[in-house]
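**Student:** What follows is a structure written as structure tokens; I'll ask about it next.
The values are calculated or read from the model by the stated rules, or taken from the named source; none is laboratory data. Model, not experiment: these values are computed from the prediction. Positions of Cβ are backbone-derived with ideal geometry, glycine not excepted, and every protein chain shown enters the neighbour counts. Heads up: the accessible areas ignore ligands, DNA and RNA and are worked out on the full protein's heavy atoms, side chains in. Shrake-Rupley method; radii C 1.70, N 1.55, O 1.52, S 1.80 Å.
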Amino acid sequence: MNLMGIDIGTTSVKLAVFDESLKEKISLSADYTLDARGNTVEFESEKYWQIVSEELNKIRKELDIDALAIDTQCETLILTDENGTPVRKAIVWLDNRADREAKLIEAHFGRKRIYEVTGQPEVTATWPACKLLWVKNNEPEVWSRVKKIFLLEDYILYKLTGKFVTEKTLQSSTIYFDIHTSDWWDEMLRFIEVSRSMLPTLCSSGEYIGDYEGIKIVTGAMDQVSGAIGAGVIKKGIVSEMTGTTMVIFTPTDKVPAYDEASIVPCHYNYDNKYCLLQWTPTAGMALKWLKNALCEDFSFRELDKMAEKIAPGSDGVTFLPYLCGSTMPRYNPKARGSFTGLTTEHTRGHFVRSVMESVACMLKSNFDYAKSEVAEVRAMGGGANSSLWCQIKADMTGKRLLTLKNKETACLGGAILAGVGTGVFASVEEAASKIETDKVFEPSGTSYDECYERYLLYDKILNI
């Protein structure tokens, strides 16, 4: 069978098809541009479907598709009438206009109560509950026509099958979904004046729901969960870290951690009726790209690697703080800024490069320490996984075994696995995950980064006073 995963990202759609052994057969992608104005970030709802259907048809000209599943970001909101026709543009997950509504919700429920029900330790303007309350308060004519509330995956499933359904991982950050009961949180719904009839039927990930022109359509998972499935991060002790523009750390867990007023680590519903912790930082690979563009514009990333390899671990005392866009986890400070410290006349361009790589590894370790994660193995994804030097630095810094993956499109692969589970190709996600091929293995070499990490923490503390 040919199994497809569709990954709808913030500004691009990726589609990939795999066979039953999880070998990729074909893939393609399409980019698009959001309508962003200050705190407002929108996109024409119908265009999401237009892009997906056009790209799907391109692949179908090459081979038949037996089943597919979709992953998307969690908080992109599409509001429609009773016929599923959008009544306004989609409010993209990045949209931050509902700040006042977020404050109203937090004041009414309190952060502790919201965390204990939903797993979200903060109330931000990006959460769908806040967005819905904003529309109700600021666009009453639009609100009066809203009969169906979709998140992005739901909307594409509806266009494919006509079914008004959703899956539970996608709803984790709405703050009107109870991750303990796997049901809507009625108390929050009453506060924002949303009825259950306006919300889709809740399904599990990997559930067959209908057909589209001979293709079986299966519920997927939110992007980070789908990516974790595609990376084989499906049991406690194995975590993933993605060093792309940002860094995202995905940690499976059996239970929701107790509320900690000082913690901002969210706990999401996972595909297996368990949970996962999601940590992220706004700067990771972006820091190396900035350095390349600003100070090393005549060099390729491979050449930067070679420069850094010549420098001793610890960068001879140079420390970089990677806060080019502020800091989120483990220390929240949007006003934090990046810096190089410890410079002398003996330092070279290579020291700058290696210190940037080491700072991202320090950030990874500090997030592990902050969340008290039980980590036996790290699966590395994103552009950072292409650098063997960077992977080895991370393994040495954290003291953890680190693996890369042969298939880089893990979110699409996760979707294909769920499509296979929903159609009986695989008995379970776990069975399918046993077929995932890893690539390189990086064991801790014994190189000590203790002094480097202590320096990083010291400067980080000084900067954030």
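**Student:** Identify, please: which residue in region 177-232 is farther than 30 Å from Asn2 by Cα and aromatic (Phe, Trp, Tyr) and is, among those, surrounded by the most Cβ atoms within 10 Å (Cβ to Cβ)?
**Tutor:** Phe177
**Student:** Next question, about the same structure. Return yes or no: is Ala102 hydrophobic (A, V, I, L, M, F, W, C) and open to solvent by 50 Å² or more (accessible area, probe 1.4 Å)?
**Tutor:** For Ala102, the condition - hydrophobic (A, V, I, L, M, F, W, C) and open to solvent by 50 Å² or more (accessible area, probe 1.4 Å) - is not met.
Yes/no matrix, rows are residues, columns are (1) at pLDDT below 95; (2) within 15 Å of Ile217 (Cβ to Cβ); (3) out of contact with any helix residue (DSSP H, G or I) (no Cβ under 9 Å at 6 or more places or on another chain):
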| position | (1), (2), (3) |
| --- | --- |
| Ala36 | yes, no, yes |
| Val41 | no, no, yes |
| Lys47 | no, no, yes |
| Arg60 | no, yes, yes |
| Ile65 | no, yes, no |
| Ile70 | no, yes, no |
| Gln73 | yes, no, no |
| Leu77 | no, no, no |
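Residues are listed down the side, and each one gets a yes or a no for (1) within 20 Å of Lys365 (Cα to Cα); (2) assigned to a loop (DSSP other than H, G, I, E, B); (3) of a type in the set (Asp, Glu):
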site	(1), (2), (3)
Val239	yes, no, no
Thr245	yes, yes, no
Ala258	no, yes, no
His268	no, no, no
Asn273	no, yes, no
Asp305	no, no, yes
Met329	yes, yes, no
Ala336	yes, yes, no
Phe340	yes, no, no
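**Student:** So, in region 263-299, how many residues would count as being more than 26 Å from Ile238 (Cβ to Cβ) and either of a type outside the set (A, V, I, L, M, F, W, C) or free of Cβ contacts under 8 Å to residues at least 40 places away in the same chain (or both)?
**Tutor:** Total meeting the criteria: 8.
**Student:** Further question on the same structure: Of all residues in region 3-28, which are exposed (fewer than 14 other Cβ atoms within 10 Å of the Cβ) and closer than 19 Å to Cys74 by Cα?
**Tutor:** Hits for region 3-28 are Thr11, Ser12.
**Student:** Scan region 301-331 for residues that are touching a residue at least 60 places away in the same chain (Cβ under 8 Å) and either of a type in the set (A, V, I, L, M) or surrounded by fewer than 13 Cβ atoms within 10 Å (Cβ to Cβ) (or both) and report the count.
**Tutor:** Number satisfying all stated conditions: 3.
**Student:** Kindly state which strands (runs of 3 or more DSSP E) lie completely within region 29-98 and contain at least 2 residues that are open to solvent by 10 Å² or more (accessible area, probe 1.4 Å).
**Tutor:** It comes to 35-37, 40-43.
**Student:** Out of Lys216, Lys163, Lys235, which single residue is farther than 23 Å from Gly119 by Cβ and touching a Pro at 6+ places or on another chain (Cβ under 9 Å)?
**Tutor:** From the options Lys216, Lys163, Lys235, the qualifying one is Lys163.
**Student:** Quick one: would you say Thr283 is surrounded by fewer than 24 Cβ atoms within 10 Å (Cβ to Cβ) and not in a strand (DSSP E or B)?
**Tutor:** Against the criterion (surrounded by fewer than 24 Cβ atoms within 10 Å (Cβ to Cβ) and not in a strand (DSSP E or B)), Thr283 does not qualify.
**Student:** May I ask you to verify whether Thr251 is open to solvent by less than 30 Å² (accessible area, probe 1.4 Å) and either closer than 30 Å to Val421 by Cβ or of a type in the set (D, E, K, R) (or both)?
**Tutor:** yes
**Student:** For region 83-126, enumerate the residues that are touching a strand residue (DSSP E or B) at 6+ places or on another chain (Cβ under 7 Å) and either farther than 14 Å from Val41 by Cα or without any contact (Cβ under 8 Å) to a residue 40 or more places away in the chain (or both).
**Tutor:** Answer for region 83-126, where residues must be touching a strand residue (DSSP E or B) at 6+ places or on another chain (Cβ under 7 Å) and either farther than 14 Å from Val41 by Cα or without any contact (Cβ under 8 Å) to a residue 40 or more places away in the chain (or both): Gly84, Pro86, Val87, Val117, Thr118, Gly119.
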